[in-house]
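Peer 1: Take this structure first; my questions come after.
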Amino acid sequence: MQLVFIYGPAAAGKLTIAREVARRTGLALFHNHLIVDAVAAVFPFGSDDFIRLRERFWLETIETAARTNRSMIFTFAPEPSVAPGFAERVVELVGAAGGKVMFVALTLGAEEQERRLIEPSRAEFGKLRSVEILRDLRAGFDSCLAAMPDADVRIDTGSVAPGEAADQIVAAIA
């Protein structure tokens, strides 16, 4: 089992690129907002119950995929409400089932991030769309990104088109 773990800041293109990688490879796509939106429908974002259930659902899905040898793509936005060590727990679960995690870090500059943040397509999953909120939270987001494991693939999505980013990830999977 291989888990392609794509992470990066808001508006870096995680879902857009992951969809393209899934299309090209046939891998299942388990994106961040599937669980975030489901849990947030019942519990406020950032509440203790939200944080506990979100991680439990993420980990249970990833562990079951690993145990059943179902390779997949997972998108993730490191941010302060995620318990420290989440990525390491994912590596442990996948490794215990004989699988491997390939970390893909997406980056982009602040100006491009703010430009993308307000795009209408971000409304589909209730994604962050406020530049003011982003600016208030940026330091916390940046420290969470810095705490992630070393990336196997690193892509600046401010200078690489989504198709080219997908090419790089697919090449690394092979």
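Just so it is clear, none of the values below were taken in a lab; they were calculated from the coordinates. Every value quoted in this text rests on a predicted model; they were computed, and no experiment measured them. No Cβ is skipped: glycine too gets one built from the backbone with ideal geometry, and neighbour counts run over all protein chains shown.
Peer 1: Run a plain Debye calculation on segment 1-91 (Cα atoms as equal point scatterers, no solvent) and give log10 I(q)/I(0) at q = 0.15, 0.19 Å⁻¹, rounded to two decimals, same order as the q list.
Peer 2: Values returned for q = 0.15, 0.19 Å⁻¹ are -0.57, -0.91.
Peer 1: How many nm is it between the label spots at I51 and A172, if each spot is 7 Å from the Cα in line with the beta carbon?
Peer 2: 2.9
Peer 1: Among the chymotrypsin sites (Phe, Trp or Tyr not before Pro) in segment 1-104, which ones are in a DSSP loop with at most 15 other Cβ atoms within 10 Å of the Cβ? Mind listing them? Don't skip to the answer; put the middle values down first.
Peer 2: On the way: sites: F5, Y7, F30, F45, F50, F57, W58, F74, F76, F86, F103; in loops: F45.
In loop regions of segment 1-104 (DSSP not H, G, I, E or B), the sparsely surrounded chymotrypsin sites (Phe, Trp or Tyr not before Pro) are F45.
Peer 1: Project the alpha carbons of the chain onto their principal axes and report the range along each, largest first, in whole Å.
Peer 2: Taking the Cα atoms of the chain, the three principal extents are 43, 39, 27 Å.
Peer 1: Over the chain, with a Gaussian network built from C-alpha contacts below 10 Å, which listed residue (P78, P149, P120) shows the highest mean-square fluctuation?
Peer 2: P120
Peer 1: Gaussian network model of the chain, Cα springs within a sub-10 Å range: biggest mean-square fluctuation belongs to which of V160, V91, V104?
Peer 2: In the Gaussian network model the winner is V160.
Peer 1: Give me the percent relative contact order of the chain, please, defined on Cα pairs under 8 angstrom at least 6 residues apart.
Peer 2: Relative contact order, the chain: 36 percent.
Peer 1: Right, another one. Determine the dipole magnitude for the chain: charges of +1 sit on the beta-carbon of Lys and Arg, -1 on that of Asp and Glu, nothing else is charged, the reference point is the Cα centre, and the result goes in debye to the nearest 20.
Peer 2: Working: 19 positive and 23 negative charges, 91 e Å.
Using only the charged Cβ atoms, the result is roughly 440 debye.
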